[in-house]
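A short worksheet on the structure shown next.
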Amino acid sequence: MSAAAVAHAPRGDRATSLGLRALQAGPVLILAVLVVVMALLSPYFLTSRNVANVGFQASFVAVLALGQLLVIITRGIDLSVGSAVGLAGVVAAAWAGTSGAGSLALFLAAGLAVGTVNAVVLVYGRVPNPFIVTLGTLGIARGLALVLADGQTRTGLPPVVSTLGSGKVAGVPIPVLIVAALALTLGVLLGRTQWGRWIYAVGGHPEAARRAGIPANGVLVSVYVLCGLLAGVAAILVAGRTDSASPQAGQLLELDAITAVIIGGASFQGGRGRVVNVLAGALIIGVIRNGLDLLGVSPFWQLIAVGVLVIVSLELDVLRGHLEQRLRTRAASA
Amino acid sequence: MTPLLEVRGAVKSYGAVRALDGAELTVDAGEVVALLGDNGAGKSTLIKAIGGVHALDGGELRVDGQPVVFGSPRTAREAGIETLHQDLGLFDNLSAVANFRIGRELRHPRMLGRLGLLRERAMERDWIAQLERLAVDRVDPRQEVGVLSGGQRQAIAVLRTVAFAQRLVILDEPTAALGLRESAKVLDLVARLPEQGVAVILISHNLEHVAQVADRAVVLRQGRTVGTAAPTSENHEALVSMIVGAVPPPSTRRS
């Protein structure tokens, strides 16, 4: 279709294209509406202290969701990230006497290890189902954390951990800055590099990707390893927030991360998902929880609200498919 | 002259089904060979073996007279062989130019390897140049392929196969989704490949198309090569009876 043909496209076509573009911006729009509504309902919502609070809370989910996004684009899923958060904290706490840098390295190494196990079992162990593989490592990592910590919460982590997890720079929570840096990096990697292009290709049509000479196994390994590494980063933020490492830390965070990615418009069918929208997804969850807390709504209702949003997001994905089909039909008859 | 490609005694089974049972094929440099046969005759299996998608159970592939084993599509591509599969192998979630360049993206020449930034502008310019070179209607390089029509999608897939081939292009039903005008364009493209020294294996059910562009037609039936002929209109009937097997091969019965 040439530029001229686009300009002369029938009105319905343009409406459909516009609809598709609106859907792409959907998560950010939903977030904006939520913020406005919450601000109107609660005068406390937009105070700098509360905004910082939302930032702290959403940061764990956001970091995990960024890793989860990579995996979900390749048609995968990683259920083990919450457990990896717990394990990484415990591992770092077990050698709490080490230097600050050494401690951070331990967090990251533990996350990396879980991600590597996922990748190796999935790709080289030829278990074709990431749900099952990571369900296994979810149990293993959590169990290891409990065994290593003897079920106890440990303290005494180097001060750098709590600085990263609960410090502020010019009023901005450090975890928010970390999320911003990670998101920017990942956005460039996904959108502007060959590796990023191949991640979308492997998710869009794995068989065609192999036929096109793309090292699909290498791509898959890289996303699971990176997802694990990001779980290590999230573990630093979680441990730093409470200045302690609990073997229970991060429980159910994997579900929040997956929820954020889905609300962010990524498709479980693979090949779709954008960093900006995933951040919006993580913030939407944070704003709903925080806002309903402020309004004194029971946490039970928060579960329902987030659940409804997941379903709505999936329906929006269905609508996207429908609009694309319509454009295809039009293009064929043009 | 040594042929560009020789397939000797190709055997391939899927479980109990013997898809190839001693098929033979020879393609000379710059030659257009039509591969004909009924559904299930083994055409797609044969070209998948040549394209490196799967290995043969028995028999031999030779390129320039040298035995080769293509362990993957990548090794076949490195030998200058490009394949257009029947399912097109397009990425609906990627743009037209991303599909065109997949696996061959242009990167900024830094030391970052696959993490190097993509040269999107250069790739788009090249895409437009290729469209002109191959005399195909413009397709917006940034348009996501998933929203294009069947004909546009097929055009992109054909272009991708043809543009990068060095030695041999394999086209499995390249005109299947195309109208008359677009089919003519694709055939025109195919006919011009020998000028560039590129040979073609063309699979098509349309004997008229075959007659237009092919130098020679090879007929497969039940995994074996049963004949070869010039695809002229005089030979039309002979080819059809070879394809459908006017005389059933021994040891099998047709219902």
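The values are calculated or read from the model by the stated rules, or taken from the named source; none is laboratory data. Values in this document were obtained by computation on a predicted structure and should not be read as measured data. Methodologically, a virtual Cβ is constructed for each residue, glycine included, from the backbone with ideal geometry; neighbour enumeration extends over all protein chains shown. For accessibility, only protein heavy atoms count, side chains too; no ligands or nucleic acids. Shrake-Rupley method; radii C 1.70, N 1.55, O 1.52, S 1.80 Å.
Key figures
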quantity	calculated
Members of the stretch A:90-127 that are touching a Leu at 6+ places or on another chain (Cβ under 8 Å), over 30 Å from A:N217 (Cα atoms), assigned to a helix (DSSP H, G or I) and open to solvent by 40 Å² or more (accessible area, probe 1.4 Å)	A:A94
Identity of the residue in the stretch A:147-195, among the small types (G, A, S) and in a loop (DSSP other than H, G, I, E, B), that ends up least open to solvent (accessible area, probe 1.4 Å)	A:G167
Any hit, the stretch B:204-211, residues being closer than 17 Å to A:R328 by Cβ and either of a type in the set (S, T, Y) or open to solvent by 10 Å² or more (accessible area, probe 1.4 Å) (or both)	no
So A:A266, is it away from chain B (no Cβ under 14 Å) and either closer than 30 Å to B:G71 by Cβ or surrounded by 24 or more Cβ atoms within 10 Å (Cβ to Cβ) (or both)	no
Matching residues in the stretch B:116-172 - criterion: being crowded, with 18+ Cβ neighbours inside 10 Å and part of a strand (DSSP E or B)	B:L118, B:E144, B:L168, B:V169, B:I170, B:L171, B:D172
Residue in the stretch B:101-114 that is touching a Phe, Trp or Tyr at 6+ places or on another chain (Cβ under 6 Å) and closer than 24 Å to A:R75 by Cα present	yes
Single condition B:G89 does not satisfy, out of (1) more than 9 Å from chain A (Cβ to nearest Cβ); (2) open to solvent by less than 30 Å² (accessible area, probe 1.4 Å); (3) outside any strand (DSSP E or B)	(1)
Considering residues of the stretch B:92-109 that are over 15 Å from A:Q194 (Cβ atoms) and facing chain A (nearest Cβ under 9 Å) only, the residue surrounded by the fewest Cβ atoms within 10 Å (Cβ to Cβ)	B:D92
Boolean, B:G80 is over 20 Å from the mean Cα position of the chain (by Cα) and away from chain A (no Cβ under 12 Å)	no
Candidates A:G187, A:G171, A:G165, A:G203 - the one that is within 30 Å of A:N53 (Cβ to Cβ), within 14 Å of another protein chain (Cβ to nearest Cβ) and touching a residue at least 12 places away in the same chain (Cβ under 8 Å)	A:G187
Residues of the stretch A:309-325 classified as surrounded by 12 or more Cβ atoms within 10 Å (Cβ to Cβ) and under 19 Å from A:V278 (Cβ atoms), total	8
Complete set of residues in the stretch B:174-215 that are in contact (Cβ under 8 Å) with a residue 40 or more places away in the chain and touching a Ser or Thr at 6+ places or on another chain (Cβ under 6 Å)	B:V210
Only listed residue being more than 9 Å from chain A (Cβ to nearest Cβ), of a type in the set (A, V, I, L, M), open to solvent by 20 Å² or more (accessible area, probe 1.4 Å) and more than 29 Å from B:L148 (Cβ to Cβ), chosen from B:L46, B:L56	B:L56
Scope the stretch A:185-234; condition of a type in the set (K, R) and under 24 Å from B:V162 (Cβ atoms); matching residues	A:R197, A:R210, A:R211
